[in-house]
Each structure stands twice: as structure tokens, then as C-alpha cells.
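Read through the structure below, which is laid out as C-alpha cells, and then see the notes.
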Amino acid sequence: MQQIKTERTLITLVRADDAEDICAYYLRNGDHLDRWEPLRPADYHTPEAWKIRTMDFAVEILKGFAYRYVVRLEGNREIIAVANFTGVVRGVFLASYLGYSLDRTMQGKGLMFEVLDTLIPHVLRQYGLHRIMAHYMPENVRSGALLQRLGFEVEGRARDYLKINGEWRDHVLTARINDAG
Ligand SMILES: CC(C)(COP(=O)(O)OP(=O)(O)OC[C@H]1O[C@@H](n2cnc3c(N)ncnc32)[C@H](O)[C@@H]1OP(=O)(O)O)[C@@H](O)C(=O)NCCC(=O)NCCS
């Protein structure tokens, strides 16, 4: 298993062994994350459902469709963040979407920046991508600030772009280009 190290964290591609820890991460952070996520059925965050999902994710990784990562503090099993590079398109586009979240109690320490500042160049290089696209709701000030610090440029604004927490919501569209390739 390849581990990507940052000063404070260990980042790994999602595996079936992570299912229980991911499930615990989402259950612990329900109130924190619900307003930024799609509505989920009641049985979405169960260890059994996550077992199946993580096996599907492993296949997606093998096929190069999506690269989903979990983040831990060194020496600790608990997952503190996730970062998902999804919807990979190759050909003339070589692009992917990026989504992420951080445990509520870990915010305000620069940890998501530390993770993505290492992970984005890794993904661009490792999987030969040229463009990473990330979109946020205008009121998600923390996410907007993070993307700006990471070098994402605003490309526009889309009306009713994603159905978040049961409602179609406008989003700011941003992207980071790989100038090296
Ligand atoms: C979006 C989210 C990941 C941002 O988390 P975050 O902790 O603010 O992000 P960063 O890692 O960039 O940390 C920045 C904060 O750490 C502080 N900080 C402390 N030490 C730091 C360091 N060494 N380097 C950088 N920042 C540091 C910064 O001052 C800033 O705090 P402030 O916002 O109080 O000024 C988090 O709020 C989250 O998970 N939200 C819910 C899910 C979500 O919105 N996902 C994205 C949907 S588009």
C-alpha cells in the first residue's frame, strides 16, 4: 500500500479495510457535513454499505475512473479527512473533479491545505492529469479560501449546479491547471 506522507498526516488510497473507519468518520461528522453533501438514505452510512462502496472504489481506482483517498494523523487509525478525485476524463481533457472534507475538530489547523498541497501535485503527476476542477457554494467561505490558497482559479458561476442537502444550489466553479503537463 502506497502511503503519501505530509508533515502531520498519512494519506492512502481507499481500500476495503478502511470501510469501518470511513463509516465512523461520516457518522461522527454528520451535522458538520450534511449541509455540504447530497441527501443520503438512512442506511447509507453503515459498515456494511461502506464495505461494498470501498470495494467498488477499489475497482474505480484500478480502472482509472476515480482516485479516492483517506487521511490519518501519523500513528492514529482514525480517519480525519477524505479527498476524492472523481469523474476522471482522459483523451484531450485529462481532467478530474475534486471533493474533500475534514473532521470538524480538525478545522483551523491548516491540515486540509497540507494534505491537498501534497496530494494534488501527486495526482497530477502520477495519473497524468492536466486539470483539477473543484466547485463550492458561495457561502462556503472556508472551502473558497482553501481553494484560493491552493492555486485554484475561479472560472465562473453556475446556477442550480448541484443538488446539495435536497436543494439545487449555485456553485462557484474553479480549476487548477497543471502547467507542467
Ligand atoms: C472546507 C474545509 C476542508 C476547510 O478546512 P480548514 O481547516 O478551514 O482548511 P485549511 O486546512 O486550509 O486550514 C485553514 C485554517 O487553518 C489555519 N491554520 C493554522 N495553521 C495553519 C497552517 N500551518 N497552514 C495553513 N493554515 C493554518 C488558518 O488560519 C485557517 O483558519 P481560519 O479559517 O480560522 O483562518 C472544512 O471546513 C470542511 O471540511 N468543511 C465541510 C466540508 C466541505 O465544505 N467540503 C468542501 C465542499 S466544496
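Nothing in this text is a laboratory measurement; each read-out follows from the coordinates by a stated rule. Source: prediction; values computed, not measured. Heads up, the Cβs are rebuilt from the backbone with ideal geometry, glycines too, and the neighbour counts pull from every protein chain shown.
Just a few scattered comments:
- Single match in Arg72, Arg77 (criterion: basic (Lys, Arg), within 16 Å of the ligand (Cβ to nearest atom) and outside any helix (DSSP H, G or I)): Arg72
- Assessment of segment 104-127 against the conditions (within 10 Å of the ligand (Cβ to nearest atom), assigned to a strand (DSSP E or B) and not charged (D, E, K, R)) yields no matching residue.
- Check on Leu33, within 16 Å of the ligand (Cβ to nearest atom), surrounded by 20 or more Cβ atoms within 10 Å (Cβ to Cβ) and in contact (Cβ under 8 Å) with a residue 24 or more places away in the chain: no
- Scanning segment 36-53 for residues that are more than 20 Å from Arg169 (Cα to Cα) and within 16 Å of the ligand (Cβ to nearest atom) returns a single hit, His45.
- Residues within segment 128-150 that are surrounded by 15 or more Cβ atoms within 10 Å (Cβ to Cβ) and either assigned to a loop (DSSP other than H, G, I, E, B) or within 6 Å of the ligand (Cβ to nearest atom) (or both), tallied: 8
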